[in-house]
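Right, one structure below, let's go through it.
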Amino acid sequence: MAAKERVLNYAKSMKYYGFEVKILMPFGFQPFSGELIKKNGIIESIDYEYTTFFKIHPKKNKFFPFNLFWFYFKKLFTVFTFHLNILTKKKDVIWIYSCSNLDVILLRILNPRARILLELCEIPFHNIENKFLKEFYRNIRIKYLLFCYDYLIVISKNLLGYIQKQKITTKTFLIPVLYNFNETNSKINQFSENLFKNNFRIVHTGSLTEHKDGILTIINAIGELKRRFLIEIDFYSTGKIENSNVFNQVQNLIKNFEIDNQIKFLGYLSKDDLFELQKTSDLFIIYKIDNEQNRFNFPSKIAEYMALGKPVLTTNVGEAPLRFIDDENIFILQDFGVDALVLKLLFLYNNTELMRKVGINGKNVAYLNFDSILNLKLLSEEIKLNLN
C-alpha cells in the first residue's frame, strides 16, 4: 500500500509541474484497499491503465505443477502485453517503480528516445537468502543495467551512499518519503488537538510480519505492560492478520495475555476510513527490525504520520537516526526486544506532554522535508530541460 501511495504522489506532483501523467500497471490493485480491480479509470485525478488482470502468485497444492506452469505463462504474458502497451503510446518519460532485469533491457531497446527513470526504494534482491545468488543478481542490476536509465531516484541517504560506492554514472536524485500537503492541510490542522481523548491508543499500518515490522514484539510488549504494570493500551492495526505468516503466534499471544479487547485488526481500509482511524491515535508505531532491507529503506509512513502532528515511535535502524532527533521530533528505540519496547511505552504513557510536543515538532519537520511538490521541483526542471 505504501508503494502505491508513493507512486500516486509522484504522479500528482509531476502533473502539478505540467506533465501529462498516466500510471501504467501490469495488473490492477486499488491503491488503498489492495483489492484486485478489472477496469481502467481515474483515481484521485490520475489516469490508471491496467494491461492484464492476473494475480501472479503460484499456489502450492495438489495441482502445483500445473499452477507453476500457469504462473510463468501469466508472467510472460504480462511482460509482453505491458511492453506492447508502452510501445503503442506516445511517451517522452517512462518512470519505473519496479521491474525485472529483463524489463530493464527491453525498455531501453524498445524506447531509445524516451527518458527513463528508476526509483530504488530499497537495496535490490535483499530477500534472496543465498549470498552468492544475491550478489550475482545485485551486481547485474546495479553495475551493468543502471546505465539503461537516464535518471535514478533513491529514497534514503544509506541507499545513496551505497550507489555512490558503486561509482554509478547515472544522474541520481535523493527524494525522501513524500506527503501531499496540498490535499490534506485542511484536514490535519486539528489532529494534534485530539491526543489522549480516550484510552491510550497505538496505531500501526505496517506489515503484519515479525521479520519486517515486528508485529510479535509489539503485541508481546502490550501484553507485558498489562501483566507487569496493569496498564492497558489499545492497539489498532490495518491489514488482515489471518493472512500473516505469524497468525497462530499472534492468536496465542492475545490469548495468553488476555488482551483480546485491546488488540484490533481492522483489515484493509479506504483512505477516508484510514484518516478517521489516524485521528484517534495517540501514538504511531513503526517497529522496523534490523535487517538489510530496513537498513537501506525509508518507511513512507513516517512522512504521513509526522505530517498529522501525532508522535511517532520507531527503531534505531535505517534513515530515522540520520534525519530525526530522539525525544525532539520523534521517539527512537535505542535497543531492540520486548523489554526495551515495554519500558519505552511505559515512559510515553507517563509523559503525555512530551508526546504532544514531539508530535508538533515532527509535523514541522515533515513540512520542511517531505512535501511532494517541493521534493520533485528539481527533478521536473531537469527533465524539462533535457526534453527541449
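Tell me the net charge near I332. Cut-off is 14 Å between Cβ atoms, I332 excluded, with +1 for each Lys or Arg and -1 for each Asp or Glu.
Working: positive: K288, R323, K344; negative: D290, E319, D326, D327, E328, D335.
So the environment of I332 carries a net charge of -3.
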Can you give me the long-range amide H partners of I43? Hydrogens built in the peptide plane at 1.01 Å from N, cutoff under 5 Å, separation of 5 or more residues or another chain. Y48
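Only Lys, Arg, Asp and Glu count, each charged at its Cβ (+1, +1, -1, -1), so figure out the dipole size of region 263-388 about its Cα centre, rounded to 20 debye.
240 debye
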May I ask you to evaluate 6.51 cos²θ - 1.76 cosθ + 1.60, the Karplus curve with θ = phi - 60°, for each residue of region 299-307 and list the ³J(HN,Hα) values in order in whole Hz, giving x for glycine and proline? x, 4, 5, 4, 4, 4, 5, 5, 4
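Between F73 and E353, what's the calculated FRET efficiency when r is the beta-carbon distance and R0 is 51 Å? Round to 0.05.
Details: r = 60 Å, r/R0 = 1.18.
Efficiency, from the Cβ-Cβ distance: 0.25.
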Pop a pseudo-label 7 angstrom from the Cα along the beta-carbon direction at both D92 and K15 and give the gap in nm to one decimal. 1.8 nm
The set of residues whose placed amide H lies less than 5 Å from the amide H of I325, leaving out same-chain residues fewer than 5 positions away, is I330
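Test of understanding: what is the full-extension gain from Y268 to D339, defined as 0.36 nm times their sequence separation minus their Cα-Cα distance?
Values: separation 71, 0.36 × 71 = 25.56 nm, distance 3.02 nm.
Answer, rounded to one decimal: 22.5 nm.
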Between E129 and L322, the two model label points (7 Å from Cα along the beta-carbon direction) sit apart by a distance in nm of 2.9 nm
Given Cβ charges of +1 for Lys and Arg and -1 for Asp and Glu, the option among Y349, Y287, V246 whose Cα lies farthest towards the positive end of the dipole of region 181-369 is Y349
How would you order 297-310, 316-329, 136-149 from highest to lowest mean count of nearby Cβ atoms within 10 Å? 297-310, 316-329, 136-149
Per residue of region 323-331, what does 6.51 cos²θ - 1.76 cosθ + 1.60 with θ = phi - 60° give for ³J(HN,Hα)? Whole Hz please, x for Gly and Pro, Karplus curve as stated. 10, 10, 10, 4, 6, 10, 10, 6, 10
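Using a ≥ b ≥ c from the Cα gyration tensor of region 104-150 (square roots of the eigenvalues), is it rounded, prolate or oblate, where a/c under 1.5 gives rounded and otherwise the larger of a/b and b/c decides, a/b for prolate? Write down the numbers at each step before the final one.
Values: a/c = 3.21, a/b = 2.20, b/c = 1.46.
Prolate, since a/c reaches 1.5 and a/b exceeds b/c.
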Amide H contacts under 5 Å for K171, restricted to residues at least 5 apart in sequence or on another chain and with H modeled in the peptide plane, are L152
Once you order the gyration tensor axes a ≥ b ≥ c over the Cα atoms, which shape class does region 181-369 get: rounded for a/c under 1.5, otherwise prolate or oblate by comparing a/b with b/c? rounded
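A 32 angstrom limit on the alpha carbon distance is what I want to check against. Which of K171/K271; K134/K264; K15/K279; K134/K363 exceed it? Could you put the intermediate results ahead of the total?
On the way: K171/K271 35 Å; K134/K264 37 Å; K15/K279 29 Å; K134/K363 38 Å.
Exceeds cut-off: K171/K271; K134/K264; K134/K363.
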Apply the Karplus parameterisation 6.51 cos²θ - 1.76 cosθ + 1.60, with θ equal to phi minus 60°, to every residue of region 266-276 and state each ³J(HN,Hα) to the nearest whole Hz, in sequence, with x for glycine and proline. 9, x, 7, 10, 5, 4, 5, 5, 5, 4, 5
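Which order results if F331, F73 are arranged by neighbouring Cβ count within 10 Å, fewest first?
Numbers: F331 26, F73 11.
Listing F331, F73 from fewest to most nearby Cβ atoms yields F73, F331.
Laboratory data are not the source of any read-out in this text; all were calculated from the coordinates shown. On a predicted model such as this, the values are computed, not experimentally measured, just so you know. Methodologically, a virtual Cβ is constructed for each residue, glycine included, from the backbone with ideal geometry; neighbour enumeration extends over all protein chains shown.
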